[in-house]
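J.: There's a structure below that I have some questions on.
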Amino acid sequence: MKLFYPEIVNSGDVHSQGVGEHNSVSSGPDNGALNCDAAHFWNCLRHSTTEQMINNYLGRLATQTGNLNTGAHGNSGMFEAGSGQATTYNPATDVYSWNAFDWAPLFMKLKDKGFAIWTIYSCDTGADADGADLLHRMANLTNRPARARTGLTTCGNDGIGFTGGVWQVAFPGPKPPPPIPKSPGLLAEEYKSVSRIAITPTNFEFDVNDVVSIELKARRPSGTFSAAIKGAQAVEIARMLFSAPEVEIGGQPLAMLTGEITLNVTQNTAEAVLTFDIYNDRIMIMPGTTVCRFVPEAFVKSIM
């Protein structure tokens, strides 16, 4: 297995992140990453809506200055403020680059308040043109810089970590920053080469031709969609999905749950069912583990 150790923001006292700053973390349902975030941020508040998030910061800024930190699940050009990993669109909790009419009046309440920068701790929020546009809109509404990651953000026992990507930063002004694409993670160079597939968290290994069928479930803002694929097509999909190396990411991803993949495998007479969560259409991870594979986003969207 390829071990990809994340950069750890906080590797000492688990309550030391964001000391002297104003920290608020979404309380939405998820994989445990948000509660982990809240445990690692100093004097952390929780919020279940965008309005509550803003009110948390206004209450703190009324008595002391300090930068703003938000813990959330995210994707390119969006983060949630209370919905967790529920992908069905909710205007009261979802901050997208395209729905500013829902959240802009709230964000304007922070204009020229006593902070120097607003940081979003989530996966991919600052990535691509949508990420640059979202952060630029935030910066202009508050008259303060805003920043977010362009790669994977996780939370685990050792703290908040980053696997790939950089900070995208937007400043108040007429133009958004140049877009930064999502960090691709570790992708296989040759997808046709895989024949044996190893699933490290379960110590299970099988031949790709042992895949009998694949069940796909896509979670989109407009609803959930399912499909079942059998035979040679299922084998080729498995070959593509599992060609990339396994990556230890050290925690649970702060990303949106965009799908599920279930493999039905038969070895001789033994049958096995393997289920994986898909985050942001590009991260495949077995629930409850911290070992993932990065998969091509365009391919995942094409099959889901």
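The values are calculated or read from the model by the stated rules, or taken from the named source; none is laboratory data. Small disclaimer: the values here were computed from a predicted structure and weren't measured. As a convention, Cβ positions derive from the backbone with ideal geometry for all residues, glycine included, and neighbour counts pool all protein chains shown. Please note that ligands, DNA and RNA were not included when accessible areas were found on the heavy atoms of the full protein model with its side chains. Shrake-Rupley method; radii C 1.70, N 1.55, O 1.52, S 1.80 Å.
J.: From largest to smallest, what semi-axes in whole angstrom does the range 237-277 give when each is the square root of 5 times an eigenvalue of its alpha carbon gyration tensor?
T.: Over the Cα atoms of the range 237-277, the ellipsoid semi-axes are 24, 13, 11 Å.
J.: Take the Cα atoms of the range 153-226, build their convex hull, and give its volume per residue in Å³.
T.: 218
J.: Right, another one. Kindly report, to the nearest 10 Å², the accessible surface of residue 42 as traced by a 1.4 Å probe over protein heavy atoms only.
T.: Taking all protein chains as shown, residue 42 has close to 80 Å².
J.: Could you tell me the extents of the chain's C-alpha atoms along the three principal axes, largest first, rounded to whole Å?
T.: Principal extents (largest minus smallest coordinate, Cα): 68, 39, 30 Å.
J.: Return the single residue from 181, 105, 253 with maximal mean-square fluctuation; model: Gaussian network over the chain, springs between Cα atoms under 10 Å.
T.: Greatest mean-square fluctuation among the candidates belongs to 105.
J.: With axes computed from alpha carbons, what is the tilt in degrees of helix 128-142 against the longest principal axis of the chain, rounded to the nearest 10 within 0 to 90?
T.: Roughly 20 degrees between the two axes.
J.: In addition: Before anything else, pin down the relative contact order of the range 150-219: Cα pairs under 8 Å, at least 6 apart, normalised by residue count, whole percent.
T.: This gives 21 percent for the range 150-219.
J.: What relative contact order, as a whole-number percentage, does the range 34-92 give when Cα pairs under 8 Å and 6 or more residues apart are counted?
T.: That works out to 37 percent.
J.: Restricting to lysines 8 or more places apart or on different chains, can you count the pairs in the chain with Cα atoms under 28 Å from each other?
T.: Close lysine pairs found across the chain: 16.
J.: Looking only at Cα atoms, what is the convex hull volume of the range 191-235 per residue, in Å³?
T.: Output value, Cα hull per residue: 115 Å³.
J.: Here is a follow-up. Express the relative contact order of the chain as a whole percentage, based on alpha carbon pairs under 8 Å and six or more residues apart in sequence.
T.: 17
J.: Follow-up question, since we're still on this one. What residue among 173, 214, 203 has its Cα farthest toward the positive end of the dipole of the range 145-223, where the charges are +1 on Lys, Arg and -1 on Asp, Glu, each on the Cβ?
T.: Going by the Cα projections, it comes out as 173.
J.: For the range 179-304, treating each Cα as an identical point scatterer without solvent, what Debye log10 I(q)/I(0) comes out at q = 0.10, 0.19, 0.20 1/Å?
T.: Debye curve over Cα of the range 179-304, log10 I(q)/I(0) at q = 0.10, 0.19, 0.20 Å⁻¹: -0.29, -1.10, -1.23.
J.: So how far, in whole Å, is the C-alpha centre of the range 262-286 from the one of the range 171-238?
T.: Cα centres, the range 262-286 to the range 171-238: 11 Å.
J.: Name the long-range amide H neighbours of residue 244: under 5 Å, sequence gap of 5 or more, or other chain; modelled H, no Pro or chain starts.
T.: Placed amide hydrogens put 188 under 5 Å from residue 244.
J.: Determine Rg/Rh for the range 116-197; Rg is computed over alpha-carbon atoms and Rh is the Kirkwood hydrodynamic estimate from the same atoms.
T.: We get a ratio of 1.14 for the range 116-197.
J.: In degrees, nearest 10, range 0 to 90: what is the angle between the Cα axis of helix 231-241 and the longest Cα principal axis of the chain?
T.: Tilt relative to the chain: about 40 degrees.
J.: For the chain, set up a GNM with springs between Cα atoms under 10 Å and report which of 33, 81, 198 has the largest fluctuation.
T.: Sorting by GNM fluctuation, first place goes to 198.
J.: May I pose another question? Can you give me the Rg/Rh ratio for the range 244-300, using Cα atoms for both radii and the Kirkwood formula for Rh?
T.: Here the Rg-to-Rh quotient is 1.02.
J.: A further question on this structure: What share of all Cα pairs of the range 50-150, in percent, falls into each consecutive 10 Å distance bin?
T.: Going out from 0 Å in 10 Å bins, the range 50-150 shows 17, 54, 27, 2 percent.
J.: Using a 10 Å Cβ count of at most 14 others and DSSP loop calls, identify the longest part of the chain lacking such GluC sites (Glu not before Pro).
T.: 1-188
J.: Could you compute the FRET efficiency for residue 62 and residue 39, with r as their C-beta to C-beta distance and R0 at 22 Å, rounded to 0.05?
T.: Efficiency computed from Cβ-Cβ geometry: 0.30.
J.: What residue among 120, 180, 229 shows peak mean-square fluctuation when the chain is described by a Gaussian network model with Cα springs under 10 Å?
T.: Largest GNM mean-square fluctuation: 229.
J.: What shape does the range 78-218 take by its C-alpha gyration tensor, where a ≥ b ≥ c are the square roots of the eigenvalues and a/c under 1.5 counts as rounded, a/b above b/c as prolate, and the rest as oblate?
T.: Prolate is the answer for the range 78-218, as a/c is 1.5 or above and a/b outweighs b/c.
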